[in-house]
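Asker: I'd like to ask you about the structure that follows.
The values are calculated or read from the model by the stated rules, or taken from the named source; none is laboratory data. In this text, all values refer to a predicted model and were calculated from it rather than measured experimentally. When we count neighbours, we look across all protein chains shown, and the Cβ atoms used for this are built from the backbone with ideal geometry, even at glycine. Accessible surface areas use protein heavy atoms only, side chains included; no ligands, DNA or RNA. Shrake-Rupley method; radii C 1.70, N 1.55, O 1.52, S 1.80 Å.
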Amino acid sequence: MTNAETSSHSRVRDKMSTQYSGHSPASSTANSAAPGNSAGSSAGTTTDVASTPLTSVVIDGQHVELGDLPEIVELNMPQDGIPAVVETEPALKRCAAALAEGSGPAAVDTERASGFRYGQRAMLVQIRREGAGTWLIDPEAFSDLKIIDDALRGVEWILHAASQDLPCLAGVGMWPDKLFDTELAARLAGLPRVGLGAVVESLLGYHLAKEHSAADWSTRPLPEPWLRYAALDVEVLVDLEEELVALLHNDGKLDYAAQEFQHLVDSGVPAPRVDPWRRTSGSHTIRNRTQLAAVRELWQTREKLAEHRDIAPGRLIPDSAIVAAAKGMPSTVPALLALSGFHGRSAKRDAPKWLHAIQTAKNVTEPPPLQVASNAPPPPRVWAERDVEAAARYATARARLGELAEELNIPGENILTPDFLRRVCWRPPSDITKETVSAQLAELGARSWQIEITAPMLTEALAHPDPLPPKEPKEPKG
């Protein structure tokens, strides 16, 4: 166990002592003495006498020696109990008022019904703030949660993996002014595992059950074990932020994190993808434009049906069925249902709609192109064939970025977005200097801390790349 983890676990034991016995941690009295003074020394007219060190706590009516406490503490009940779900306007107003009157940051989380319902909308919003307690809000019961957003104006929000939660929070009218992302902070701190359960266990010494993370959160009413799980998720975030801030500060990375968090806030919700149907799994195997048109028509038909029925598209037919139908181009129901993926009640019930989509594709006068023009570099695996110098630049820069990542104990993809690295190596500035490389990185969207630590390395790699290793001759066939 690392020193950071040992220290964190000690603080957890202190918090447990306070929570279950009502006593302050024994260390607090000893630490209150001025540096250099012994515990028994006197100052002025009063003498501080250290209390007897706390050696046991009372948990569920049982005396437990501190030395016998488990290294990992099972966290299975919120400290304030399980709150009722907010699902009426009066309750929502009480929630907003309480949060506005609270103090400190707000721990925020959401639960979705990915794989069950259409889209990625929030099915439950959890918020905890000091002085306000924990609130579980059913966003499906309201047109939006702007009243909650107003209550938290200017307040720092603590989220874990914010890029996953922020879009669905925006969908209910919520967006932070300030942010702390505990998952991103854990990455920058160099923790080996950054899932919420793993980080909580590593830094706080709690075991946080995650068995309900993939549940159908559109279920109503929500089962009590799920609500307990949801409340616990936000209960640990404030303590987790404290530990991560300490780690980042000790490593000189706190400013890196601040820039990353602000970037998330400033970037807003990502724009919708152009031609999202092109991301159909397996569509890269299509070599015929009419068949590709069938992929598009089938995907769009599935999307409309899924949205209308509020069901995850993959529960109607999987991507593999779309690709199989596009390749087979069946014209009858039996031929369609004989294809892989077209099984179950939905596939049969909607068979006429799938056939109509295929027929529409056959009648398209201008089918979509197989390839879409892009300014992105080609896949690095083909660089050596297309541009040997670019391949050498990329190999050199990638290797040195790996060394930098190991030195800083930060994943390479967090030091510099892989796409930015490829673009700079594929088409570097005509005049390669630290200034021109820095400018190109800034134009791509790199943060100032990333530019500061990567521009010198990239400048050298671009200007003086290592030669590529000789290509191994292919062995003759047969």
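Asker: Please compute the Kirkwood hydrodynamic radius over the range 200-358, one decimal place, Å, based on all pairs of different Cα atoms.
Answerer: So the Kirkwood estimate lands at 19.9 Å.
Asker: Need one number: nm distance between label points at D275 and R315, each 7 Å from Cα along Cα→Cβ, rounded to one decimal.
Answerer: The two pseudo-label positions are separated by 3.1 nm.
Asker: Return one quarter of the surface area of the convex hull spanned by the alpha-carbon atoms of the range 172-235, equal to its mean projected area, in nm². Can you show the working numbers first?
Answerer: Values: hull surface 23.4 nm².
With every direction weighted equally, the projected area is 5.9 nm².
Asker: Shifting gears a bit: Please compare each pair in K93/K253; K327/K471; K146/K304; K304/K327; K93/K304; K327/K348 to a cut-off of 30 Å on the Cα-Cα distance and tell me which ones are over it.
Answerer: The answer is K93/K253; K327/K471; K93/K304.
Asker: Restricting things to alpha carbons, tell me how big the range 343-400 is in terms of Rg and Dmax, in Å.
Answerer: 21.9, 56
Asker: What is the antiparallel percent of DSSP beta bridges lying wholly in the range 76-162, to the nearest 5?
Answerer: The antiparallel proportion sits near 75 percent.
Asker: Further, regarding this structure: Distance between the C-alpha centers of the range 372-432 and the range 163-223? Whole Å please.
Answerer: The range 372-432 and the range 163-223 have Cα centres separated by 31 Å.
Asker: How large is the accessible surface per residue of the range 235-382, computed with a 1.4 Å probe and reported in Å² as a whole number?
Answerer: Numbers: 8140 Å² over 148 residues.
Solvent-accessible surface per residue comes out at 55 Å².
Asker: Kindly state, to the nearest 0.05, the FRET efficiency for E407 paired with D431, given R0 = 25 Å and r defined as their beta-carbon distance.
Answerer: My answer for the efficiency is 0.30.
Asker: Tally up the carbon and sulfur contribution to the accessible surface of the range 356-478 as a whole percent, 1.4 Å probe, everything protein left in place. Please list the in-between numbers first.
Answerer: Numbers: 3960 of 7730 Å².
After summing per-atom areas, the C and S share lands at 51 percent.
Asker: Here is a further query. Using the heavy atoms of the protein chains alone and a 1.4 angstrom probe, what is the accessible area of the range 109-226 per residue in square angstrom?
Answerer: Computed with neighbouring chains in place, this is 37 Å² per residue.
Asker: If you don't mind, another one. Once the Cα gyration tensor of the range 166-287 is diagonalised, what are the square roots of 5 times its eigenvalues, in whole Å and ordered largest first, as equivalent ellipsoid semi-axes?
Answerer: Details: eigenvalues 162, 109, 55 Å².
For the range 166-287, the ellipsoid semi-axes come out as 28, 23, 17 Å.
Asker: So if I place +1 on the C-beta of Lys and Arg and -1 on the C-beta of Asp and Glu, and nothing else carries charge, what would the dipole magnitude of the range 199-340 be about its Cα centre? I want it in debye, nearest 20.
Answerer: Taking the Cα centre of the range 199-340 as origin, the dipole is about 1520 debye.
Asker: Whenever you get a sec, compute what percent of the accessible area on the range 255-347 sits on carbon and sulfur atoms (1.4 Å probe).
Answerer: 52
Asker: When the accessible area of the range 83-157 is computed with all protein chains present and a 1.4 Å probe, what percentage of it is carbon and sulfur?
Answerer: 49
Asker: Could you give the distance between the Cα centres of the range 450-469 and the range 295-352, to the whole Å?
Answerer: First find each Cα centre; the distance between them is then 49 Å.
Asker: Obtain the nm distance between the two label points defined at H263 and E472 by a simple spin-label model: each point lies 7 Å from its Cα along the Cα-to-C-beta direction.
Answerer: Label at H263, label at E472, 3.6 nm between them.
Asker: Still on this model: Excluding ligands, DNA and RNA, what is the solvent-accessible area per residue of the range 399-478 at a probe of 1.4 Å, expressed in Å²?
Answerer: Accessible area per residue, the range 399-478: 62 Å².
Asker: Next up: By how many nm would the segment from A338 to A439 lengthen if fully extended, with 0.36 nm per residue of separation less the alpha-carbon distance?
Answerer: Details: separation 101, 0.36 × 101 = 36.36 nm, distance 5.64 nm.
Full-extension gain reported as 30.7 nm.
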